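Just so it is clear, none of the values below were taken in a lab; they were calculated from the coordinates. Predicted model, so just to flag it, every value in this text is computed and none were measured. Cβ atoms come from the backbone with ideal geometry, glycine included; neighbour counts cover every protein chain shown.
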Amino acid sequence: MDVREYIPDFKYPKETATVEYVQATREDGAAINDLYNRAFDQKRSFEDYQWKYWENPAGPPFGILAREKETGKYLSTSTGIRKQVWINGKEAPAILTCETSSDPDARGGGRLFKSVMQGFGVAVNDEQGIVWSYGGQSSDDAIKIGKRWFGFQIVVELVCWEIVLGQKLAYQSRFGNTIGGMIGAVADPLFRARWKTPPTGLNFQEIKRFDSDYDALWERFRDQYSVVFWRDAATLNWRYMDNPFWDHRVVEARRDGELVGYVVWREWEDQGNRIATVLDMWHGNDETTVIGLLDESRRLAAQAGCAFLRFSIKENGVEQKAFEGFRNGRRSPYERVDKIICTPMPGSTPFEQSDEAYATLAAVMDGSNWFYCQGDCDYRD
């Protein structure tokens, strides 16, 4: 693969008589968060913004903003979360480009959006040495624009599989919400009573914090993959346990007292139905561990009133084999494919990078190298 053909041609935007482009600082945070709320009709608090961007153990975020010279008004911003990644046996940084906001009342919003995004791609390489970015859960329209303007490439596709946890929805569809709900309340315990516990030889426990055992587990399994995002205890606690937006549930698996894997999921409401969505599962590519973690999480999710346990996965891996072994495991008819995009951050000298930079790009532009879960991107804020 000649990665140079994927490197986009970006230029850092030139200031005009009315607009300047500058690197964002921590002091810009309140204004950036306010612009995000106005652009996307959200009510995110400044404290939640601080958690997402400044409490990240991987390091501070990176951002570029367009600002009106005369008034200091923020017109457009592009902000990314710094990520630690294990690539070909070494630590390497990446950037998750997760928020680009433009003032809905500003003239030339599309031009400003394009300018700050391309300026971001130049500056994050020049200033931070970060040569690639990624993102997930983008719409097809956003990916189409991103391909044309920013060189987006789809590198990974996650297909959602699910385990049906009860029959209540089927009865409601047939007999109506009231009667169907009453039948389901009686039928679901009988439905779940037929579930068999797979003979995994594992012990499971729900936990509230990640400890040093998880540092060791991360280091034990990471060399199985050419590209995998950081999963040490500090990262996991920040990402899931300290997350102000959602409560996450975590179950660990141990064999003879030794930690061998874990699963993280979020329980949420979708059109009146409670759903359990798996965000992370670390298992060392062991199918028995995957089966055991899915079985334990489906039981706990069912007890919490969830209708489905869902997990978006790369096809034909151990996760899919595990789902296929469950009587009620299937490809979800409700969820779309999650397309993960990746693009080089070209800097000001895109074709004069180091050999190591090009080797990194070659690794990450090949999706077959990736171990990736929905939680590596999905913050749902």
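Observations
- Between T360, I163, F152, the Cα set farthest toward the positive side of the dipole of the chain (charges on each charged residue's Cβ, about the Cα centre) is that of I163.
- Label-to-label distance for R209 and V337 is 4.3 nm, based on points extended 7 Å past Cα in the beta-carbon direction.
- Full extension of the chain between K196 and T18 gives 57.3 nm of extra length, using 0.36 nm per residue less the Cα-Cα distance.
- Ordered by the number of other Cβ atoms lying within 10 Å of each residue's own Cβ, fewest first, S368, S226 fall into the sequence S368, S226.
- Kirkwood analysis of the chain, using all unique Cα-Cα pairs, places the hydrodynamic radius at 22.4 Å.
- Seen from every direction in turn and averaged, the convex hull around the alpha carbons of region 32-115 projects onto 6.5 nm².
- Within the straight-line cut-off of under 18 Å between alpha carbons, the lysines reachable from K321 are K196, sequence neighbours fewer than 8 places apart in one chain being disregarded.
- For the chain, the Cβ-based charge dipole about the Cα centre amounts to some 1300 debye (Lys, Arg positive; Asp, Glu negative; other atoms uncharged).
- Computed from backbone phi, the HN-Hα couplings of region 19-26 come to 10, 10, 10, 9, 6, 6, 10, 4 Hz, rounded to whole numbers (Karplus: 6.51 cos²θ - 1.76 cosθ + 1.60, θ = phi - 60°; Gly and Pro given as x).
- Fewest-first sequence of C373, C98 by Cβ atoms within 10 Å of each Cβ: C98, C373
- ³J(HN,Hα), Karplus 6.51/-1.76/1.60, whole Hz, each residue of region 344-351, x for Gly, Pro: x, 9, x, x, 8, 10, x, 10
- Cross-link partners for K147 among the lysines, with Cα-Cα distance under 18 Å and sequence neighbours closer than 8 places in the same chain left out: K11, K114, K339.
- Order of T18, T97 - criterion: other Cβ atoms within 10 Å of each residue's Cβ, fewest first: T18, T97
- Over all other residues within a Cβ to Cβ distance under 13 Å of T71, the charged ones net out to -2, with Lys and Arg as +1 and Asp and Glu as -1.
- Working from the Cα coordinates of region 219-302, the gyration tensor eigenvalues give, after taking √(5λ), semi-axes of 23, 17, 12 Å in decreasing order.
- More than 21 angstrom apart: percent of Cα pairs within region 159-331: 50 percent
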